[in-house]
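Trainee: Okay, handing you the structure first.
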Ligand SMILES: Nc1ncnc2c1ncn2[C@@H]1O[C@H](COP(=O)(O)OP(=O)(O)OP(=O)(O)O)[C@@H](O)[C@H]1O
Ligand SMILES: [Mg+2]
């Protein structure tokens, strides 16, 4: 389905999903346009990571209702790797370790897969090395990380930086950053968010999942959504995050309860 | 187990085809007459017949070993034919004379032998069923005094050497299957590297089982004299059959002072179908004697085939400062069972051994590492390092590690490390999220896991091994 209003990158409508037959997402609506940055906040266990993984196509989650249109096509029809190649990127909250697989090899394969997709020639290991080192400079990453196993023994913050390195390599249309700020020290937060800001442009879009305003001081969102028990219960501008920081989630829940007359 | 993993591990066997070469098969059954028949067919000297009969009598008094984890129906040793040979043809002087059917077989296996021989400088002593039908590069090797031929040929051409060493590393009564092999072996490889000679090329043999219900009893003997060195490659694959085939090989290595023998195997015999029907029973005895000071025996194996693998390539470290190594990748899938490992027996002073074992189990398979490190009272300063890692693909398979350590000298140092990991859905998802499909992901993970072993293989063998793991677990490995 090709749409006229092609400035929409992602349109989620009534999305429901279960894991082990437990419903986690209970009807999500979300529209993301080109050039926008959306922050998703919400209590632990409200379903933020689940939403991210469902969008990326994790097999453990079953979509039981709703639709997801990405760049005019039905995202839910695509295998996870096809979604990635189409430009959906997920920076994981908990990046997994893959012992024995050299980070450089992994990054090159991911990058070359993308180039092949775009009909471009693959980079050989030497060309890639130059290319990736430049990207690592942006993130002030030590090139030694290329020779180690993927995330193997990386500290929490190093893993997060490696995620953003991948984002820099793959230049996604839609980047979902799941708590990329957690685990980063103060300097790293600045470096990584600067990196993300340089990658953000008028053509792509970013969804930031975070618990803290400190992230949003660096990467300023156009919208802030609050999730609760598998739904987006409140949407506002960047000021909403500040308000949440002072008033807590109880305030949102309380407001809802009042509105529902409970 | 997820559907993705399920599909990946359920690739059909790619080498399942039967070559139609007329066979000369002995009647089924085993008795002294059978042994005399084999010996007569091969026109053997009296001492070898005596060796065989001695082994047979030992075997009669022995019991099939039951201590391993492998389970299989009773083998009826009387239902097996103990000799099968392609009809004799005129002596071959070049590859052109080799049966085109045979060449096509190798082609199908992806082993264009003539190309390999020419391009890679590998001398291929082709064992087809039980009789050698082609030998290349023998001439070139002969120039430096290396003998590389079938063991039956060696029996006739170099009887003293064979007689001096045969059965000295693996005695005829060593174990049930070794005794059986000693009684009925039909052919195999003989390799002799004289004093001071470093073999100029890797020596390679491709084994192939081609006749249904003909047991295979290969016999290999490799001797490296003082200061000699050799790298020997053994690779094998077999056609698809429904009835089980017994294979009981014996390999003996002898390294004298400062000698170095590197023995690499890639094994891909028919493993049975996905329900566990058919497949090769592989009961192998491989042992190297590091006899001289500073000698080295190194085993590298990539075991991917057979319904049952029972195999413990071992090193007896007799010479002072001698070194034993064992690098192993064992992959099991479907209903395959592998019980494999090594024995390092330290007898000499300052002997050293290294064990690196990587077991990968998929499907409903069972994969066990069984290793023994024994340090004798005489082995002052002996050292061993063992690392045994298991990887599980899916939920229905199992992996076990049985390390036995017996140290009788307090100056010895023995280290053992073990780990178990699992290729999980989350790892595959991580790859997929970066645009990398499951097949490629599994291949990368497995190759990363096996890296320490593959590094030990000669370059082109490593490439082949990587491919084989691909066939085994997913279809194709990049
Ligand atoms: N495999 C699973 N089995 C059962 N429950 C699950 C599973 N995966 C997720 N859940 C549940 O789904 C809910 C949402 O989890 P999710 O990880 O999406 O939360 P989150 O909003 O990202 O939380 P956090 O802020 O702590 O990261 C949680 O209650 C979690 O326990
Ligand atoms: Mg989360």
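Coordinate-derived values only; no laboratory data. Everything numeric here is computed off the predicted structure, so don't read it as measured data. Cβ atoms come from the backbone with ideal geometry, glycine included; neighbour counts cover every protein chain shown.
Trainee: For chain A, what relative contact order do you get, as a whole percent, if you take Cα pairs closer than 8 Å and at least 6 residues apart?
Mentor: This gives 26 percent for chain A.
Trainee: DSSP beta bridges in the stretch B:145-423, what fraction antiparallel, as a percent rounded to 5?
Mentor: 5
Trainee: Here's something else I'd like to know. Sorted by mean Cβ packing within 10 Å, highest first, what order do the peptides A:106-113, B:221-228 take?
Mentor: Answer by packing, highest mean first, reads B:221-228, A:106-113.
Trainee: Can I ask one more? For the stretch B:145-423, just list the percent of Cα-Cα distances falling in each 10 Å bin from zero outward, please.
Mentor: 7, 29, 35, 22, 6, 0
Trainee: Something else: Other chains near A:78-86: what is the mean number of their Cβ atoms within 10 Å of each residue's Cβ?
Mentor: 5
Trainee: I need the shape label for chain A. Rule: rounded when a/c is under 1.5, else prolate if a/b > b/c, else oblate, with a, b, c from the alpha carbon gyration tensor. Walk me through the numbers before you get to the answer.
Mentor: Numbers: a/c = 1.81, a/b = 1.44, b/c = 1.26.
In terms of gyration-tensor shape, prolate.
Trainee: In addition: Peptides A:7-15, A:152-160: what's the order by average Cβ count within 10 Å, highest mean first?
Mentor: On the way: A:7-15: 18.6, A:152-160: 16.8.
My ranking of the peptides, most packed first, is A:7-15, A:152-160.
Trainee: In deg cm²/dmol, rounded to 500, what helix-only [θ] at 222 nm does chain A give when every DSSP H run of at least 4 residues adds -39500 (n - 2.57) and the total is split over its residues?
Mentor: -12000 deg cm²/dmol
Trainee: Beta carbons within 10 angstrom, averaged per residue: use that to sort the peptides B:300-307, A:43-50, A:204-211, B:417-424, highest first.
Mentor: Details: B:300-307: 27.6, A:43-50: 18.5, A:204-211: 23.0, B:417-424: 14.9.
Taking the mean over residues of other Cβ atoms within 10 Å, the ranking is B:300-307, A:204-211, A:43-50, B:417-424.
Trainee: Give, in whole angstrom and from largest to smallest, the semi-axes √(5λ) of the equivalent ellipsoid of the stretch A:99-153, with λ running over the eigenvalues of the Cα gyration tensor.
Mentor: Values: eigenvalues 79, 38, 15 Å².
Semi-axes from the Cα gyration tensor: 20, 14, 9 Å.
Trainee: Within 10 Å of each Cβ in A:90-98, how many Cβ atoms from other chains are there, averaged over the peptide?
Mentor: Taking all residues of A:90-98 together, the mean is 3.
Trainee: Count, for each residue of B:434-447, the Cβ atoms from other chains sitting within 10 Å of its Cβ, then give me the mean as a whole number.
Mentor: 6
Trainee: Please give the Cα centre distance for the stretch B:436-451 versus the stretch A:66-105, rounded to the nearest Å.
Mentor: Centre-to-centre distance over Cα atoms comes out at 18 Å.
Trainee: Put a dot 7 Å past each Cα toward the Cβ at residue A:13 and residue A:259; how far apart are the dots in nm?
Mentor: Each label point lies 7 Å from its Cα, and together they span 2.1 nm.
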